[in-house]
There are 2 protein chains.
Amino acid sequence: MKMELDDFLKSRKEKIEESLFSYIEKLKAPEVLKDAMNYSLEAGGKRIRPILVLALLHTYSKQEEIGLATASAVELVHTYSLIHDDLPCMDDDDLRRGKPTNHKVFGEAMAVLAGDGLLTQSFSLIANDPHISSEKKLNIITELVHAAGAEGMVGGQVADMDGETKVLSLEELQYIHEHKTAKLLGFAIIAGAILAEAPVQDIKYLREFSYHLGIAFQIRDDILDIEGEQDLIGKPVGSDQGNEKNTYPSILTLQGAKEKLTAHVDEAKSILNKLSVPATLLNNLCELIANRNN
Amino acid sequence: MKMELDDFLKSRKEKIEESLFSYIEKLKAPEVLKDAMNYSLEAGGKRIRPILVLALLHTYSKQEEIGLATASAVELVHTYSLIHDDLPCMDDDDLRRGKPTNHKVFGEAMAVLAGDGLLTQSFSLIANDPHISSEKKLNIITELVHAAGAEGMVGGQVADMDGETKVLSLEELQYIHEHKTAKLLGFAIIAGAILAEAPVQDIKYLREFSYHLGIAFQIRDDILDIEGEQDLIGKPVGSDQGNEKNTYPSILTLQGAKEKLTAHVDEAKSILNKLSVPATLLNNLCELIANRNN
């Protein structure tokens, strides 16, 4: 199982990166802008969101090629959000995945614009996807705006900033991470399901699944900040605590956060059992996200 | 004529603003984010881009209601671009249309996010427009990405920043303003033409028209910075010269810039004569843009 999953992740990551870089390459834009966009795209990472799009197609036995444009789009949006999050006026981070952040290399103005460019282009990838119907494209664009915009990730980021100076309740923390993290992961899953023409009832289950997976993803992030290895997570261990950030461990204790993580993963996995198809791959991805070291 | 045009502008401006504010009002997002988005939308201005969308429908004797969502979308994109342009790391402007800029009121982080939110939501307005076909929506989304993204406005802004430290040729200045200004104005016109189901040949002419109108718009801006009244333009007169900015007057002299403006306006108006319909309204809007005092 482990070997198969590793193969799946590795081969899909390659396909996605090929698609991403060839898309940016073709843009008729100033080279320095393309360099700045590429820099953060290349900084890479696990490509979890685009892999989820392809994993849904795989789960419903559909051609994964159909998902490549949407998979690339969600990675553009994720990358834009990292660039803007790292800005001095936001989290003011100098390192991301062990490399200097975008504004450290290209300057703040270019980092703002590289983010703006990545966000804008993501919609073109979907709108011009040759594989899918117009209705599906518009459905997916609507889901993307909902997940990434004021009602999703951007709203979550605002709530996060707002909460920085106070001690949050668990409910307030959940609101932040549902919007800031879970919604875009959820977009990847729902868009994949739309592309795979999953039954309506499955899509409802998958929305619930996304919520639990997204929260689990974030709790694991918080735990890694305490227990992780700096070389693997690409930033200093303990930085949340140093910044007095509201985290699951700070509200629930480390042990409480671990129990919460297990509860969300169990819930996510039990929802997968209700789908109309076997969901081994999603189940394995869920395990991987809950136990990852970076 | 003057009276009719004034009536057209005033009544359409009201409709557009109503549509904009009711859209933001309905978003399920943190109030402070909605306030920040609204603040810059309310700061207003002439609403030239959305009015152009409606003017195209008017020109082709179609219901203007059809254009309201796209008109609102282009104003969201324009407003996002102003918020990000004004940031300390970009133009570092404290005033916009005589009011404190977004980051002066809400802080830099919120200004970045308000801009991100406005840009993202613009695509939802188009994707969920109940009046138009899926094909048209996707056409318009593609045009919007092309006009606003790395190949358009964002690319133009990068070229502008890049040119700040050198003396530009006229060709380099044209590249900047074609991308930074003319493309989004052009989007408004082309989207309006698509919505109005204008003949393919007309759309080709309208692309040429947009180019000349957009450059004329920018030259007028540069001239107003020298000859305008501070109360009307909402910023100090002569600020371009103080900042040693590359402008049409700095390259061509003030007299040369005025001649260039006239040449572009004449060219724009002569293209309108080739359309399959009478274009009195577009002609009048063109005059207005070339002679505006703010």
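The values are calculated or read from the model by the stated rules, or taken from the named source; none is laboratory data. Here the structure is a predicted model, which means the values were calculated and not measured. Glycine gets a Cβ as well: all are built from the backbone with ideal geometry, and neighbour counts include every protein chain shown.
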A:Ser276: at pLDDT 95 or above and touching an Asp or Glu at 6+ places or on another chain (Cβ under 6 Å), yes or no?
yes
Can you name the number of the only condition in (1) outside any loop (DSSP other than H, G, I, E, B); (2) under 30 Å from A:Leu57 (Cα atoms) that A:Leu252 fails?
(2)
Under 7 Å between Cβ atoms, which residue pairs at least 6 apart in sequence (or on different chains) link something in region A:178-200 that is in a helix (DSSP H, G or I) with a partner that is at pLDDT 95 or above and among the basic types (Lys, Arg)?
A:Leu184/A:Arg49; A:Leu185/A:Arg49; A:Gly186/A:Arg207; A:Ala188/A:Arg49; A:Ile190/A:Arg207; A:Ile194/A:Lys136; A:Leu195/A:Lys136
Would you confirm whether or not region A:222-230 contains a residue that is over 23 Å from A:Leu76 (Cα atoms), under 17 Å from the mean Cα position of the chain (by Cα) and acidic (Asp, Glu)?
yes
Scanning for something within 14 Å of chain B (Cβ to nearest Cβ), among the hydrophobic types (A, V, I, L, M, F, W, C) and under 17 Å from the mean Cα position of the chain (by Cα), does region A:39-49 turn up at least one residue?
yes
Tally up the residues in region A:123-139 that are farther than 23 Å from A:Met37 by Cα and either of a type in the set (Lys, Arg) or more than 7 Å from every other protein chain (Cβ to nearest Cβ) (or both), please.
7
Tell me, yes or no, whether region B:83-94 has at least one residue that is within 12 Å of chain A (Cβ to nearest Cβ), surrounded by 24 or more Cβ atoms within 10 Å (Cβ to Cβ) and in a helix (DSSP H, G or I).
yes
Looking at B:Ile226, B:Ile271, which one is under 19 Å from B:His177 (Cβ atoms) and either touching a His at 6+ places or on another chain (Cβ under 9 Å) or buried (at least 18 other Cβ atoms within 10 Å of the Cβ) (or both)?
B:Ile271
Quick check on region A:170-191. Is at least one of its residues over 17 Å from A:Leu54 (Cβ atoms) and aromatic (Phe, Trp, Tyr)?
yes
Here the qualifying pairs (Cβ atoms under 6 Å; residues six or more apart or on different chains; first in region A:61-77 and farther than 22 Å from A:Ser40 by Cα; second not in a helix (DSSP H, G or I)) come out as A:Lys62/A:Ala196; A:Ile66/A:His131
Sole miss for A:Thr101 among (1) modelled with pLDDT of 95 or more; (2) more than 10 Å from chain B (Cβ to nearest Cβ); (3) surrounded by fewer than 22 Cβ atoms within 10 Å (Cβ to Cβ) is condition (3)
(1) free of Cβ contacts under 8 Å to residues at least 24 places away in the same chain; (2) under 19 Å from A:Ala191 (Cα atoms); (3) among the small types (Gly, Ala, Ser) all hold for A:Ser11 apart from (2)
Per the filter on region A:14-33, residues farther than 21 Å from A:Phe187 by Cβ, surrounded by fewer than 21 Cβ atoms within 10 Å (Cβ to Cβ) and not hydroxyl-bearing (Ser, Thr, Tyr) are A:Glu14, A:Glu18, A:Phe21, A:Glu25, A:Lys26, A:Leu27, A:Lys28, A:Glu31, A:Val32
Within region B:109-122, is there a residue that is over 27 Å from A:Pro88 (Cα atoms) and either under 19 Å from the mean Cα position of the chain (by Cα) or more than 7 Å from chain A (Cβ to nearest Cβ) (or both)?
no
Could you list, ordered by first residue, the pairs with Cβ atoms under 6 Å in which the first is in region B:110-127 and more than 11 Å from B:Val74 (Cα to Cα) and the second is outside any helix (DSSP H, G or I), at least 6 apart or interchain?
B:Gly117/A:Gly149; B:Gly117/A:Ala150; B:Thr120/A:Gly149
Those residues of region A:141-169 which are facing chain B (nearest Cβ under 7 Å) and either in contact (Cβ under 8 Å) with a residue 40 or more places away in the chain or among the β-branched types (Val, Ile, Thr) (or both), in sequence order:
A:Ile141, A:Thr142, A:Val145, A:Ala148, A:Val154, A:Gln157, A:Val158, A:Met161
Can you find a residue that is under 18 Å from the mean Cα position of the chain (by Cα), more than 12 Å from B:Asn38 (Cα to Cα) and aliphatic (A, V, I, L, M) anywhere in region B:86-98?
no
